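One structure is given here, and the rest of the page talks about it.
The values are calculated or read from the model by the stated rules, or taken from the named source; none is laboratory data. Treat the numbers as computed from the prediction; the structure is a model and nothing was measured. So basically every Cβ, Gly included, is an ideal-geometry build from the backbone, and we count neighbours across all protein chains shown. Ligands, DNA and RNA are excluded from the accessible area calculation, which covers all protein heavy atoms including side chains. Shrake-Rupley method; radii C 1.70, N 1.55, O 1.52, S 1.80 Å.
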Amino acid sequence: MLHLNKTRLIILFLNLLNSEVLIQCSDITNNVFSSSLTDSMPAAFGDFNSDELTDIFVIRDKERTLEIFLADEEEPLLRTPSQPLKCNFSESQKITSVVPGDFDGDALMDVLVTVHESGDKKFTHVYIMWGGATYLNCTTIPLFKMIGQPLAIDYNQDMIVDLFGTDEDEHRSFWLFDKNRNYFRLAMRDADNFPKLKDPHAHAFIDLNEDFTADLFLTTKENFEIWYGTGQKFIYNSSIPYPKDAKIIGQSSFIDVELRGRMDLVTPVCFDHDCKNSTLLVYSDNQWHNLQVNFKDPSNNIWNLYYKKDSMYTDTITLHSGDFNMDGYPDILATLALNSQPQSFLLENVPCENSCGHFKRSYIIRWDALRPYTNGTVMAAFFDFYQDGVLDIIMVKHNGTGYKSAAFKNSLDYDANFIKVMVLTGLQ
């Protein structure tokens, strides 16, 4: 979640002259991280200190430490301030997620951290580190416990971040926060007879019926649910069945695949428990459509979407979307595997060469676009390191015992256009 800290709109324009370009990137890890910072695991992005540069929230020290690296216009682009912004947990605890956001309405970023206690993975302990422009107040006292991970939303439209999830008694609930740093739990109405929520989940807080009011998209253990927002509560609308014969359902994303001005539900799935038979599906016009991605590399090896239970980043199949080659169509970063060895690749959005049925565009794997940097990578995400509207890539490698971050610059040499918009909050 990005922090929104002032009222301003910035738009930059360039002219697109040539979109037919060779995708390529260059290693800028040393330009981004100092050598002492690459052992970090990126967990979230946001502008913590309100300088309009995007900072990175990372997990370190065997998943026991939260730390914030502040962005800078000069290299190294990510730095630790003189007074480090970090919070440590005990050896019996493990950080499971990080959610930056304004939880008290002071227009300054706070950080929510969820933690598992040793030997107890059923319950998630929720902490909030109250933040200021230059400091972070760490705490060892959790606010409450829940099951699974929360979804950050603004339930009552007061521009203060609230949470949605499952409470200790397995009831769907909202946790609402106020300006005094208090909170209360509100049970979700009319939800007792619905399936249990999936963990890990792919819930979304998004306007699905185009009425300028955010709705809830929920992933359960049986299907997807759509709850329309009314401004006062959420009302159940419909359910989407899981794809037929799918054994593993990954994290769904909303992506405008064909650039039609509508968000398509894109879901990675595997049709076997080993995930050897995998694909990307799109739900449109009340049915699932196979994007027919070709997972065969130039050496005729067949890859698959990578899934490894109880492992950081890969305990669910996750896609990250963004327009990497500046042609207007959203591309995807995904982690694939060959003989259970993971690597992250760029999937370029291209016109469909053969019959793709309902959809006229699909994705092609650019096997060499990120080489040789993909070996052993378990996660790749888009990140604009140079604040120029061109998407670069941050990656995480796993060597069997630990994780290491790397950064890669989008080195396309093109006459391109971009529209960079910074939308900042009305809270004063």
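Where the only charges are on Cβ atoms (+1 Lys, Arg; -1 Asp, Glu), what is the dipole of the chain about its Cα centre, to the nearest 20 debye?
1020 debye
Between Arg371 and Lys62, what is the label-to-label distance in nm when each label sits 7 Å out along the Cα-to-Cβ direction?
Between Arg371 and Lys62, the label points sit 3.8 nm apart.
Label-point separation (nm) for Thr139 and Asp297, each offset 7 Å from Cα along Cα-to-Cβ?
About 4.8 nm separates the two model spin labels.
Using just the helices of the chain, give the 222 nm mean residue ellipticity in deg cm²/dmol: DSSP H runs with n ≥ 4 each add -39,500 (n - 2.57), and the total is spread over all residues, rounded to 500.
Helix-only estimate at 222 nm: 0 deg cm²/dmol.
Probe radius 1.4 Å, ligands and nucleic acids ignored: give me the carbon and sulfur share of the accessible area of the chain as a rounded percent.
Carbon and sulfur: 47 percent of the exposed surface of the chain.
State, as an integer percentage, the relative contact order of the chain based on alpha-carbon contacts under 8 Å between residues 6 or more apart.
In percent, rounded to a whole number, it is 17.
Fully extended, how many nm does the chain gain between Asp106 and Asp158 (0.36 nm per residue separation, minus their Cα-Cα distance)?
Between Asp106 and Asp158, full extension yields an extra 17.5 nm.
Using the Cα centre of the stretch 143-250 as origin and beta-carbon charges of +1 (Lys, Arg) and -1 (Asp, Glu), tell me which of Thr213, Asn156, Leu186 is placed farthest towards the positive end of the dipole.
Result: Leu186.
For Arg260 paired with Glu91, estimate the spin-label separation in nm (one decimal), with each label point 7 Å from Cα along the Cα-to-Cβ line.
Simple spin-label model gives 5.7 nm for this pair.
Can you tell me the equivalent ellipsoid semi-axes for the stretch 177-249? Use √(5λ) from the Cα gyration tensor, largest first, whole Å.
Computed over the stretch 177-249, the values are 25, 16, 12 Å.
Considering only DSSP states other than H, G, I, E and B, which trypsin sites (Lys or Arg not before Pro) in the stretch 55-116 qualify as loop sites with at most 13 other Cβ atoms within 10 Å?
Filter output for the stretch 55-116: Lys62.
Heavy-atom accessible area per residue, the chain, 1.4 Å probe: how many Å²?
Value returned for the chain: 47 Å² of accessible area per residue.
Please find the FRET efficiency linking Leu338 to Ser26, where r is the Cβ-Cβ separation and R0 is fixed at 30 Å, and quote it to the nearest 0.05.
0.75
Grab the beta carbon distance between Ser36 and Asn182, set R0 = 41 Å, and tell me the FRET efficiency rounded to 0.05.
The formula returns an efficiency of 0.55 here.
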